Amino acid sequence: MSIITQQSETFLKDYLNNPSPTGFESGGQKLWLDYIRPYIDGWDIDHYGTVYGTINPGKPFSVVIEGHADEISWFVHYITDNGFIHVIRNGGSDHMIAPSKRVNIHTEKGIVKGVFGWPAIHTRRDAASKQQPEVDRIFIDVGAENKEEVLKMGIHVGCVITYEDEMMVLNDRYYVGRALDNRLGGFCIAEVARLLHEQKVELPFTLYVVNSVQEEVGLRGAEMIAQTLKPNVAIVTDVTHDTSTPMMDKKKIGDVKCGMGPSVTYAPAVHNKLLKLIVETAASSDIPIQREAASRRTGTDTDAFAYSNGGVPSALISIPLRYMHTTVEMAHKQDVENVIRLIHDSLLRIQPDMSLKYL
Ligand SMILES: [Zn+2]
């Protein structure tokens, strides 16, 4: 039976279509909070916008389940005298995909439309015009005559820019869109909260359902909220690369495929005993999993929780994703469902008196 209902999918669509650029996540956080509010006992927001719902408050042992709320974007960086806009990254935005994309420029007067222009193929004859897209080469055209007109439209240096692409479903099998990284994570933990509420589960610990900001610029929201909540355990969910598509090198990036289940990561930051609990949960709940290894860091909020507060046992459950940081990111519905199940079922096995020591 499917866990994801029509109602939850409607929320997912609204949540994905709403922009939530790094540092400016409030609109998305509001949507997310509105959705989980019936399933939590309370909520709070920190000074930089990380929102968390609390279930079963006041217990001495606490567990975090976490995703990140922010999406990669661009900043207006320089406006030329003839009215073109040069950009810098806000997060790991991909300059290769920018030319020919339509954008939303977020201003105090509302959204202003623009496009990433590019010289026509016919005109790219000399060496200079054969250049590839680079961050300092791509530019936005808002149809203005000059800088003055751009400014009059409400655009200034520091305005944030997102792509307008919206969510769709491909072949009834894949969610497709921009910023599935990591709105899907926020969706999964929200669904876990819903399931716990609907099943009237009484957890022996306090559960924080955390939607962190600013992951895309270095796990910053998670760093902050880890200090605030000081949890005993953290289960983080993010996306990982499907390496089965063209031009991916499995020897370098690993072997993960959409539709084959959640991926668990082995890394020094990932707590052995917590990971074992998750892997055993997958086996007993008949949830297929895939495995990957990370040298040094996982590059996800897992690291932020793990290395906070003298060390918080943390683990990472990832959703396989195609074409990360493009506007056509793809995730398999079945994987999303299985991530929800795996987080949910793992929570039911966590006991406050369980030993998390390695010796
Ligand atoms: Zn990302």
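The values are calculated or read from the model by the stated rules, or taken from the named source; none is laboratory data. Just so you know, these numbers come straight off a predicted model, no measurement behind them. Virtual Cβ from ideal backbone geometry, glycine too; neighbours counted across all protein chains shown. These area figures cover heavy atoms from the full protein model, side chains too; ligands, DNA and RNA do not enter into them. Shrake-Rupley method; radii C 1.70, N 1.55, O 1.52, S 1.80 Å.
Stick to Cα atoms and the Kirkwood definition of Rh, then tell me Rg/Rh for segment 145-186.
On the way: Rg = 16.7 Å, Rh = 13.3 Å.
Rg divided by Rh gives 1.25.
Kindly report the accessible area of the chain per residue (heavy atoms of protein chains, probe 1.4 Å, no ligands, DNA or RNA), in Å². Show your work: numbers first, answer last.
Working: 16420 Å² over 359 residues.
Heavy-atom SASA per residue in the chain reads 46 Å².
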(request) Please work out how much accessible surface Arg89 shows to a 1.4 Å probe, ignoring ligands, DNA and RNA, in Å² rounded to 10. (result) 100
(request) Please determine, in degrees from 0 to 90 and to the nearest 10, the orientation of helix 26-36 with respect to the longest principal axis defined by the Cα atoms of the chain, where the helix direction is its Cα long axis. (result) 30
(message) Given a 1.4 Å probe and heavy atoms of the protein chains only, how would you sort Trp74, Trp118, Trp43, largest accessible area at the top?
(response) Trp43, Trp118, Trp74
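Set the bar at 21 Å for Cα to Cα. Now go through Lys250/Lys276; Lys230/Lys273; Lys59/Lys230; Lys230/Lys357; Lys101/Lys257; Lys250/Lys273 and name every pair that lies beyond it. All intermediate terms of the calculation are to be shown ahead of the outcome.
Working: Lys250/Lys276 25 Å; Lys230/Lys273 19 Å; Lys59/Lys230 13 Å; Lys230/Lys357 18 Å; Lys101/Lys257 28 Å; Lys250/Lys273 27 Å.
Listed pairs above 21 Å: Lys250/Lys276; Lys101/Lys257; Lys250/Lys273.
Which values, in whole Å and largest first, are the semi-axes of the equivalent ellipsoid of segment 88-204 obtained as the square root of 5 times each eigenvalue of the Cα gyration tensor?
Numbers: eigenvalues 299, 80, 31 Å².
For segment 88-204, the ellipsoid semi-axes come out as 39, 20, 13 Å.
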(message) For the full complex of protein chains and a 1.4 angstrom probe, list Lys251, Lys357 by accessible area with the highest value first.
(response) Lys251, Lys357
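At 10 °C and 1.306 mPa s, what whole-number value in µm²/s does Stokes-Einstein give for the translational diffusion of segment 195-237, with Rh from the Kirkwood sum over Cα pairs? Provide the component values of the computation, followed by the final result.
Numbers: Rh = 12.1 Å.
My calculation gives 132 µm²/s for D.
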(message) Report the rotationally averaged projected area of segment 245-359 based on its alpha-carbon convex hull, in square nanometres.
(response) 8.3
(request) Work out the charge dipole of the chain with +1 on the Cβ of Lys and Arg and -1 on the Cβ of Asp and Glu about the Cα centre, then indicate which of Ile111, Leu180, Tyr323 is farthest towards its positive end. (result) Tyr323
(request) Please name which of Gln131, Ala144, Ile155 has its Cα lying farthest along the dipole of segment 119-163 towards the positive end, using unit charges on Cβ (Lys, Arg +1; Asp, Glu -1) and the Cα centre as origin. (result) Gln131
(message) Sorted from largest to smallest, which semi-axis lengths in Å does the alpha carbon gyration tensor of segment 18-171 give for its equivalent ellipsoid, taking the root of 5 times each eigenvalue?
(response) 39, 18, 13
(request) Order the following by accessible area, largest value first: Phe24, Phe187. Probe radius 1.4 Å; ligands, DNA and RNA are ignored. (result) Phe24, Phe187
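Based on alpha-carbon positions alone, could you give the equivalent ellipsoid semi-axes of segment 149-219 from the gyration tensor, as √(5λ), descending, whole Å?
Values: eigenvalues 243, 78, 22 Å².
Output for segment 149-219: semi-axes of 35, 20, 11 Å.
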(message) Please give the charge dipole size of segment 92-231, origin at the Cα centre, charges +1 on K and R Cβ atoms and -1 on D and E Cβ atoms. Round to the nearest 20 debye.
(response) 140
(request) Could you tell me, in Å, what Rg and Dmax come out for the Cα atoms of segment 271-330? (result) 13.8, 39
(message) Along its three principal axes, how long is segment 53-119 when you only count alpha carbons? Whole Å, largest extent first please.
(response) 61, 29, 18
(message) In whole percent, and with a 1.4 Å probe on the protein chains, what portion of the accessible area of segment 16-73 is carbon and sulfur?
(response) 56
(request) Pop out the carbon and sulfur fraction of the accessible area of segment 217-301 as a percent, whole number, probe 1.4 Å. (result) 52
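How much of the calculated P(r) for the chain lies past 28 Å, in percent of all Cα pairs?
On the way: 28425 of 64261 pairs.
Cα-Cα pairs in the chain separated by more than 28 Å: 44 percent.
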(request) Just read off the accessible area of Val201 with the full protein assembly in place, 1.4 Å probe, to the nearest 10 Å². (result) 50
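If the only charges are +1 at each Lys and Arg Cβ and -1 at each Asp and Glu Cβ, what is the size of the charge dipole of segment 272-359 around the Cα centre, to the nearest 20 debye?
Values: 10 positive and 10 negative charges, 52 e Å.
For this selection, approximately 260 debye.
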(request) Quote the charge dipole size of segment 175-282 about the Cα centre in Debye, to the nearest 20; the model charges only the Cβ of Lys and Arg (+1) and of Asp and Glu (-1). (result) 140
(request) For helix 6-17, report the angle its Cα long axis makes with the longest principal axis of the Cα atoms of the chain; keep it between 0 and 90° and round to the nearest 10°. (result) 40
(request) Provide the solvent-accessible area of Glu166, counting protein heavy atoms only and rolling a 1.4 Å probe, rounded to the nearest 10 Å². (result) 110
